[in-house]
Amino acid sequence: MSGSSKSILVFLGSTRDGRQGLRLARMFMSHLSEHGLVPTLIDPLEINAPLLTNPIHFMPDQSAAPEWLKKLDQQIKEAVGFVFVCPEYNATVAPALTNLIDYFPPASYRHKPASIATYSMGTMGGCRARVALLPVLGEVGMFALPTSLMIPTIQNAEIADDGATTNERVISKVTQICKEMDWYVGALQSQKAATTGYPN
Ligand SMILES: Cc1cc2nc3c(=O)[nH]c(=O)nc-3n(C[C@H](O)[C@H](O)[C@H](O)COP(=O)(O)O)c2cc1C
């Protein structure tokens, strides 16, 4: 974890035409900023990573890695926390998200908090995607924060394209997640400053 950084990466899980998730990711971006955090959207559609053939930590010469891969690895290393905005696809995590996560080593993610927001067009709010994402994040060394946001029938959630919403339940959960993230980031930074032996 780097110094007093407030960088939070907001990973979006969908690349689909007409995707619903971008509005929710934008909502997190503005709420995280309002809470004094510095969010960056990690959009798999923009990054357009190929299906994984060579994770960065498996490359004998990482300096020869593609620029996008080196840049995102650096962003992950510098981030102090993550928000995952993930749709449920066939009862699990959207593959664009795990494809991106898998490119990077635990050393880049380790000991950092992660919040999960899932959604679906059905009634279950992507709860199975949440359950499936938890061990993935744990495996690469993140720890999931307790507050979860699950949005059923996302198409009716009244979130505008820019992320603005009047949906009280969603606002309340996003606010709670941002406060929680800010608290945990601060707690880790204080502990890191006050002690030696940070477990790399
Ligand atoms: C390939 C695929 C599989 C899906 N599987 C599920 C599912 O298992 N459970 C569910 O509630 N919704 C499922 N859905 C509906 C999605 O949750 C819904 O379309 C959501 O809007 C997808 O997110 P996106 O619009 O950001 O891509 C599926 C959609 C797709 C495209």
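The values are calculated or read from the model by the stated rules, or taken from the named source; none is laboratory data. Keep in mind that this is a model prediction, so the values were computed, not measured. For neighbour counting, all protein chains shown are included, and Cβ atoms are generated from backbone atoms with ideal geometry for every residue, glycine included.
Observations on the structure shown:
- Selection within the stretch 136-192 - at pLDDT 95 or above, more than 16 Å from the ligand (Cβ to nearest atom) and touching a Phe, Trp or Tyr at 6+ places or on another chain (Cβ under 7 Å): Val140, Gly141, Met142, Leu145, Val174
- For the stretch 22-49, the candidate set comprises residues that are among the β-branched types (Val, Ile, Thr) and within 20 Å of Met181 (Cβ to Cβ); within that set, the residue that is surrounded by the most Cβ atoms within 10 Å (Cβ to Cβ) is Ile42.
- Close pairs from the stretch 130-147: first closer than 18 Å to Tyr119 by Cα, partner of a type in the set (Lys, Arg) and buried (at least 16 other Cβ atoms within 10 Å of the Cβ), Cβ under 8 Å, at least 6 apart: Thr147/Lys173
- When residues of the stretch 7-21 are limited to those that are out of contact with any Pro (no Cβ under 6 Å at 6 or more places or on another chain) and buried (at least 20 other Cβ atoms within 10 Å of the Cβ), the one farthest from Phe82 (Cα to Cα): Leu12
- Among the residues of the stretch 118-125, not a single one is farther than 26 Å from Ser30 by Cβ, free of Cβ contacts under 8 Å to residues at least 12 places away in the same chain and within 16 Å of the ligand (Cβ to nearest atom).
- Qualifying residues in the stretch 47-93 (those that are in contact (Cβ under 8 Å) with a residue 60 or more places away in the chain and within 16 Å of the ligand (Cβ to nearest atom)) - the one nearest to Leu188 (Cα to Cα): Val83
- Residues within the stretch 4-20 that are more than 8 Å from the ligand (Cβ to nearest atom) and of a type in the set (Val, Ile, Thr), tallied: 2
- Across the stretch 126-135, the number of residues qualifying as away from the ligand (no atom under 12 Å from the Cβ) and touching a helix residue (DSSP H, G or I) at 6+ places or on another chain (Cβ under 9 Å) comes to 1.
- Single match in Ile151, Ile159, Ile116 (criterion: in contact with a helix residue (DSSP H, G or I) (Cβ under 7 Å, 6 or more places away or on another chain) and closer than 30 Å to His57 by Cα): Ile116
- No other residue among Gly13, Gly36 is at pLDDT 95 or above, touching a strand residue (DSSP E or B) at 6+ places or on another chain (Cβ under 9 Å) and of a type in the set (Gly, Ala, Ser) apart from Gly13.
- Scanning the stretch 99-117 for residues being within 17 Å of Gly81 (Cα to Cα) and within 16 Å of the ligand (Cβ to nearest atom) gives a total of 3.
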